[in-house]
Every structure is written in C-alpha cells, then in structure tokens.
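All of the numbers you see were taken from the coordinates with simple rules; none came from a lab. Every value quoted in this text rests on a predicted model; they were computed, and no experiment measured them. Every residue, glycine as well, gets a Cβ built from its backbone with ideal geometry; the counts of neighbours run over all protein chains shown.
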Amino acid sequence: MKKQTIKILILNILNAIFTILFSLLIIATILVICISLKQTFVAILAILPIFSFISIIIFYVISYKKRKIGITNLLFFMCSLNIFSLLISYKIVSELESLDILQSQDNEKAFEEKNILMAGWEIELEKAKIDKKLAKLNLTDENKKASKKNIAKKLEENKREVYKSYTKFVYKKVLKKYSEEKNTFKIITLTSNSLTNYEYVDQFLKQEKLIKDLEKFGWTKEEIVQLITINDIEQIITTFKENRKDF
C-alpha cells in the first residue's frame, strides 16, 4: 500500500511539472513567432496554457475525488492539447482505484460504505473489476480471497435488507388483517404462512417509496421478485423472526 501511495505522489508531481513545461513551451513558441516572424495572430495559442491549467484544476478538484475523469474535464484536456498530462491523469485515477481496493481489505467498514446495496449484476461487475485490479497489483491469493469474501458478505447483507423490508411489510399486513388476534405465536404463524405463500409480494412491489429505494440501491423489480420467490424461504422466515420485535 505504501508503494502504491508513493507511485501516486510521483505521478502527481509529474503531472504538475509537465503542465508547467507544456505551458512554457507554448508561450516561448508564441514569443518566437511574434518577434522573429511578426505573426501576431499566433498569440491565440495562449489559450492552450489557460485550458491546460483549467483542466488540471478540474481534475484535482473533481475527477481526483470521484476516481473518474468526466466529460467536461476530458474536453478541457483535449482543447489544451495537453495529451500527455491527460494520460498521466488517467494513470493516477487507475492507481487510486487500486489503492482503494487495497485499503478496503484492511478497512472493511470503508469497503461497505463505498459499496452500498448493489444488485446481483453489479456484484458480478465488481468481482471482475477487483480481480483485474488485483492481477495488476500482483497480490497474493490470500488477498484475492479476502476481496471476494467481502463482496460475498456484502451481497448477503443486501439480501437480508430486502428480506427485512419485505417481511416487515407482510407482518404489518397480517397485524392489520387479524387486528383482533392477540396470540403472538399465532400471529407469527400467520405471517410465516403468508411469507411462504408469497401472499403480499404484488402489494409490496407497488409501494412508491419502495420503488425509490430500489433505484437508490440499484435493484430492479425483477431482481426483487427473484430474490423473494427463488431464494430459500426458510431464510426469509428466519429474518422475520429475528427482526420481528424491531418491526
């Protein structure tokens, strides 16, 4: 990890140095042409150093933090013709992503905060991305297993969050339907039966608030239906019983 940090620092220094040299070269070219050839129209090239510094500022204020070079930043880089600096910036972003992966292995909480509820297809993409990064870093098999373990754990947590939301909804429906029933054991049995028969799945998916949550978490309705109806119903019921008192 220390090696990765030093590498990023060196790239940042090179980025600044090359931008300054590039700007000085453009200015020198303008002066030479204007004085020796008396062609003042080349002064328009002065816009290149300006664009170059703007592109670097945008990179370190926005792109550096987001680990992604946006279209605005890319356009300024291209307009400045500072292509070498653009390549260095892409390399910096790549190294930052690698550093994040290494840090996530040592800080599981940080990893979980970064990867909030993800859909199944996103988990697979994340697996492929991490495998590719770890391969470039030449990490040990033990570290690779640790990263995959984090993803598998996060996926399981995501499933349980969906189960909690679904079972809470069904539990409240049962309480409302059998409002006169005071026997806790019977209420639990009725709720378990409703979960087993998927009695309230359609109503659960019609909630407006749930739709917004699905968009926020990256889940689609189809994935939620599969998660509830295809996976182990016993796990869903267990989730309900474990969290019933909090509902």
(message) Counting C-alpha atoms alone, how compact is the range 1-95: give Rg to one decimal and Dmax as a whole number, in angstrom.
(response) 15.2, 54
(message) Compute for the range 23-78: radius of gyration divided by Kirkwood radius, i.e. Rg/Rh, restricted to C-alpha atoms, rounded to two decimals.
(response) 1.18
(message) Can you tell me the convex hull volume per residue for the range 1-48, based on C-alpha atoms, in Å³ to the nearest whole number?
(response) 45 Å³
(request) In whole Hz, with x marking every Gly and Pro, tabulate ³J(HN,Hα) for the range 62-71 from phi via Karplus 6.51 cos²θ - 1.76 cosθ + 1.60, θ = phi - 60°. (result) 10, 4, 4, 6, 7, 6, 7, 8, x, 5
(message) Give me the percent relative contact order of the range 1-95, please, defined on Cα pairs under 8 angstrom at least 6 residues apart.
(response) 34 percent
(message) With the cut-off at 31 Å, tell me which of the pairs Lys206/Lys241; Lys66/Lys241; Lys66/Lys159; Lys3/Lys68; Lys186/Lys206 have Cα atoms farther apart than that.
(response) Lys66/Lys241
(request) Compute the FRET efficiency between Ile62 and Ser94 as 1/(1 + (r/R0)^6), taking r as their Cβ-Cβ distance and R0 = 25 Å, and round to the nearest 0.05. (result) 0.90
(message) Rounded to the nearest 20 debye, what is the charge dipole size of the range 1-95 about its Cα centre when +1 sits on each Lys and Arg Cβ and -1 on each Asp and Glu Cβ?
(response) 440 debye
